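The structure under discussion appears below in the form of structure tokens.
The values are calculated or read from the model by the stated rules, or taken from the named source; none is laboratory data. Computed from a predicted structure; not experimentally measured. So basically every Cβ, Gly included, is an ideal-geometry build from the backbone, and we count neighbours across all protein chains shown. Ligands, DNA and RNA are stripped out before the accessible areas are found, and what is left, the full protein with its side chains, is counted by its heavy atoms. Shrake-Rupley method; radii C 1.70, N 1.55, O 1.52, S 1.80 Å.
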Amino acid sequence: MAVSLHGLRGKIAGAAVLKGAVRRAGSLTPVAKAISTVADAVEPGTVAAGQAEASGSYRGLLAGMLREALPAPPVDHTDVIFDAVCGLIPGPRTEHVSYQQLLDRAEAQPTAGNLLAAAAEARRPYNADLTRALQLYEAAFEKNPHDLRAYEGILSTTGRTDLDWQRVWEAASVLKPRRGLLGADSLFWVPINQLFQPQPPAEALRRAKPLLEQYRPRVTRLHQLLIETITARLQFLGEFRAAQSLRAAMAENRVRELRGIPLESPLWLKHLLGAYAHLDQDARLLRTAARPLVDTGTARAGIAAEKLRADAALYTGDASHLIAHAARRREQLTLPGEELMHQLVHGKRIAVVGPAAASDALGEAIEDYDIVVRTQYKPQTLRGRAAKVGERTDIAYFQTKDLTSDWDQLAETIPASGVKLAVARPLMHTVLSAEERQAPDWLRFARFEYGLYFRGAPLGIQRILYDLLQFAPAEVGLFHADFYAGTGTFTAGYRHQENTFGPHSALNDLVMMHDLGYEFRFVQRLLRAGTITAHGTAAEVLGLSEDEYLGRLESGPLAALSPSRALRQ
């Protein structure tokens, strides 16, 4: 979900200047001690007593920023931490605060910050307690309606739980302009307000779409979370082209907020580069990645800037920077399964087989590759389908929620199968570390993931392609991936029985947590650069223009899943 930057341009620049000054001054031990004392004083609550807000208050954010700017303690390279931009890096392990502890803290001291911290932990994939997360976000919003993280959480979790759009839009009303052509009382909002009814009138959609296009220059200056809310609603109504136009408006808004100012952290650089990538502004993307306006004086910030520079090069057609960056990272920190992964992938022909409900008979071509990679390990989806999808699974990639929910079963079946390696997302390392569990021999953690997103996160196929390319394979061939523009969502038996967008459906994540248009374009760029090859349905879909692809989404399985599809007829 997008981070709101509305009106924060000056604050971000000011924070960057302050943080840089603190880092330089903190190189002197007496000054560092004084800064640490100030951070403790600023921190709300008493850290020693376990009463400090884990997230949420601006005092808490300031305290964290001051501590982050201080010289880092010596790193034990056996310790591994997760960073939102860098992925898994060497770093001092901090004391883990469990989900239950955060819930207890929020109940004992229901400040907005404590409620937000518990909500954030509730929605993590290894907890997936989304209904509780929604309740906590609503409580935080009630405490402080001006804390945009609370509203953002309401939007995200509502879209993945009960789909109460009226409640979301009521909360979003605080983000509307108070005056002007698009002021809250403007007639502009009448049909858009109606879109958030449980059963919107068809006339509302017919009026809203041309209005959004007519006033697009002004729409781009609306609050980002307001645009995001309308975008999400349009997608659930099957209007992917109109939604993608609003995404571009969000990217323009993001660039306007962040370009040309010092950035407080690599996370803001990630947002800016992601917006440039979304807008296909390659020259600005590469120029900004090469000379980022972010302090790279710390080891973590330096790794982040280098990693994002490699991502920018990959997006514009050059995988060599990513390969070199990954090799350096492997030298700096050894992770379980890396050596085996290198042996399996480096210099080999790799077939990546997706879970699309395609009918292509490509089994023989798939089996001809040195290594066969699939999303998850689902042997039941292969039985009797060898002519279409092949039989082998050498490497299987898993989502965190699938690994955690099916851990015991996978621990029994994978070692006895032909699977040579299972690959988890970086966050799974944090899960096992918190539970003080050793990673089994069959499990590898992806070190980092593609980072040029200003909104959303990569889908499974995109994560797999990006991860494999780091090991310099001879070829990566893509099979049975239609990016939801084919005849169905998944092959039979791949996912649970959800067959529509609706309350608590796992399919809601496709539009709440991902940017399908941008994801399509990312893979299409890899294909056009010769970085990957595509076969069958994958080649056909990737041969479409983006507008044609979005049109296929509007007439394909995702549109058919929408409970409100009758509006478009």
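Things worth noting here:
- Condition check for GLU412: farther than 30 Å from LEU272 by Cα and open to solvent by 30 Å² or more (accessible area, probe 1.4 Å): yes
- When the residues of the range 511-535 are filtered to those that are at pLDDT below 95 and in a loop (DSSP other than H, G, I, E, B), the one that is farthest from TYR484 (Cα to Cα) is MET513.
- Candidates ALA283, ALA277, filtered to the one that is over 25 Å from GLY20 (Cα atoms), at pLDDT 95 or above, assigned to a helix (DSSP H, G or I) and open to solvent by 10 Å² or more (accessible area, probe 1.4 Å): ALA283
- Residues of the range 538-552 classified as assigned to a helix (DSSP H, G or I) and open to solvent by 30 Å² or more (accessible area, probe 1.4 Å), total: 6
- Tallying residues that are under 13 Å from ALA538 (Cβ atoms) and among the hydroxyl-bearing types (Ser, Thr, Tyr) within the range 360-373 yields 0.
- Of the numbered criteria (1) modelled with pLDDT of 90 or more; (2) small (Gly, Ala, Ser); (3) under 30 Å from the mean Cα position of the chain (by Cα), the one ALA108 fails is (3).
- Cross-chain or 6+ apart pairs with Cβ under 6 Å, the range 215-237 first and part of a helix (DSSP H, G or I), then among the polar types (S, T, N, Q): GLN224/SER4; GLN224/ASN253; LEU225/SER4
- Taking the range 386-481 and the helices (runs of 4 or more DSSP H) fully enclosed by it, the elements with 3 or more residues that are more than 22 Å from the chain's Cα centre (by Cα) and free of Cβ contacts under 8 Å to residues at least 12 places away in the same chain are at 407-416.
- Residue count for the range 252-269 satisfying the condition of being open to solvent by 30 Å² or more (accessible area, probe 1.4 Å), within 21 Å of GLU306 (Cβ to Cβ) and either hydrophobic (A, V, I, L, M, F, W, C) or not in a loop (DSSP other than H, G, I, E, B) (or both): 2.
- Residues in the range 322-377 that are touching a Pro at 6+ places or on another chain (Cβ under 8 Å) and in a helix (DSSP H, G or I) were compared, and the one that is farthest from ALA485 (Cα to Cα) is GLN332.
- ALA184 meets all of the listed conditions (1) over 29 Å from the mean Cα position of the chain (by Cα); (2) in a loop (DSSP other than H, G, I, E, B); (3) modelled with pLDDT of 95 or more; (4) not charged (D, E, K, R) but one, namely (3).
- For VAL523, the conditions (1) β-branched (Val, Ile, Thr); (2) open to solvent by less than 10 Å² (accessible area, probe 1.4 Å); (3) touching a Ser or Thr at 6+ places or on another chain (Cβ under 7 Å) are fulfilled apart from (3).
- A residue that is among the β-branched types (Val, Ile, Thr) and either touching a helix residue (DSSP H, G or I) at 6+ places or on another chain (Cβ under 7 Å) or in contact (Cβ under 8 Å) with a residue 12 or more places away in the chain (or both) occurs somewhere in the range 289-296.
- From ARG495, ARG455, residue being surrounded by 21 or more Cβ atoms within 10 Å (Cβ to Cβ), of a type in the set (D, E, K, R) and either at pLDDT 85 or above or under 29 Å from ARG160 (Cα atoms) (or both): ARG455
- Residues in the range 196-245 that are more than 24 Å from PRO557 (Cβ to Cβ) and of a type in the set (Ser, Thr, Tyr): TYR215, THR220, THR229.
- Checking each residue in the range 345-377 for being aliphatic (A, V, I, L, M) and touching a Phe, Trp or Tyr at 6+ places or on another chain (Cβ under 8 Å) picks out VAL345, ILE350, ALA351, VAL352, VAL353, ALA356, ALA357, LEU362, ALA365, ILE366, VAL373.
- Among the residues of this structure, ALA243 counts as one that is closer than 21 Å to MET513 by Cβ and of a type outside the set (Ser, Thr, Tyr).
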